[in-house]
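Shown next, in structure tokens, is the structure this report addresses.
The values are calculated or read from the model by the stated rules, or taken from the named source; none is laboratory data. What you are looking at is a predicted structure, and each value in this text was computed from that prediction instead of being measured. Don't worry about glycine lacking a Cβ; one is built from the backbone with ideal geometry, like all the others, and counts go over all protein chains shown. Just so you know, the surface numbers come from the protein's heavy atoms only, side chains and all, with ligands and any DNA or RNA stripped out. Shrake-Rupley method; radii C 1.70, N 1.55, O 1.52, S 1.80 Å.
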Amino acid sequence: MSESQIWDAVDEYFTTHLSHDDEALRAALRDSDAAELPRANVTAPQGKFLQLLAQMQGARHILEIGTLGGYSTIWLGRALPADGHLVSLEYSPKHAEVATRNIARAGLDKLVEVRVGAALDSLPQLADENPPPFDLVFIDADKANNAHYVEWALRLTRAGSLIVVDNVVRGGRVAEADSSAPDVQGTRAAIEMIGSHPRLDGTAIQTVGTKGYDGFALARVLG
């Protein structure tokens, strides 16, 4: 077996025995494929990881930046109590339409709100509404703006909140200080902000799996 085949097999094994994806999740992926959305969703083990993080947080309010087809949204929404709330920001109206259907089929439409538009426009509007602090923020949108998203996450959270930034390895390119690629520069800026900001304490983990070589950053808000 090739290295990628081994990663796929391990992910399948973990999904079967630990992640327990169901028809609503599988249908979300099928509908996303049918609508020709990018195959950029998290894997089932990654979705379960996000769900467990939210549950360990006792999260009542979750912010997601980057909805895509709603697959990660469903995992996160299932961690919420009956009176919880998840706001998911999605740039593309087409993606938001697919996600809204997938979320409703999963029975989460009363807990999840998908807002359409550029996140850097939606975030100030959200802040103006003075929502309760978000207990967990999941950032999985355009990587060039990662540092801006972390800044907004800090404004909208509280001491003890968690911020997760997905896809930070960029195939190893994140280590290239001289890269001019916007996704690399944006990700490096976010990582360096997490490492230097007095209100953040965090780390980053490299991963392999069905999505290849990647990783995520995890930060805790200190105050």
How high is the relative contact order of the chain, given as a whole-number percent (alpha carbon pairs under 8 Å, six or more residues apart)?
18
What percentage of the solvent-accessible surface of the range 25-79, computed with a 1.4 Å probe over protein heavy atoms, is contributed by carbon and sulfur atoms?
53
When the chain is treated as a Gaussian network with springs between alpha carbons less than 10 Å apart, the largest mean-square fluctuation among ILE194, ILE205, ILE62 is found at ILE205
Please compute P(r) over all alpha-carbon pairs of the range 26-105, binned at 5 Å starting from zero, and give each bin as a whole-number percent.
3, 17, 28, 25, 17, 8, 2
Rounded to whole Hz and in sequence order, give me ³J(HN,Hα) for the range 214-223 from the Karplus expression 6.51 cos²θ - 1.76 cosθ + 1.60, θ = phi - 60°, writing x for Gly and Pro.
7, x, 9, 10, 10, 10, 10, 7, 8, x
Can you tell me which aspartates and glutamates have their Cα less than 15 Å from the Cα of LYS94? Leave out same-chain residues fewer than eight positions away.
ASP31, ASP33, GLU36
Just SER72, SER196, SER19 to compare: in a GNM of the chain, with alpha carbon springs under 10 Å, which one fluctuates most?
SER196
Sparse-neighbourhood loop hits (trypsin sites (Lys or Arg not before Pro), the range 74-110; DSSP loop; Cβ within 10 Å at most 15 others) -> LYS110
Output the relative contact order of the range 45-136, whole-number percent, from Cα pairs under 8 angstrom with separation of 6+ residues.
34
If N is the residue count of the range 82-190, its Cα Rg over 2.2 N^0.38 Å rounds to 1.16
Can you give the accessible area per residue of the range 40-198, in Å², using a 1.4 Å probe?
41
Output the relative contact order of the range 127-223, whole-number percent, from Cα pairs under 8 angstrom with separation of 6+ residues.
33
Roughly what % of Cα-Cα distances in the range 159-223 sit above 19 Å, to the whole percent?
33
Order TYR91, TYR13, TYR71, TYR213, most accessible first, counting only protein heavy atoms with a 1.4 angstrom probe.
TYR91, TYR13, TYR213, TYR71
Pick from LEU162, LEU76, LEU29: which residue has the top mean-square fluctuation in a GNM of the chain where Cα pairs under 10 Å get a spring?
LEU29
Roughly what % of Cα-Cα distances in the chain sit above 31 Å, to the whole percent?
16
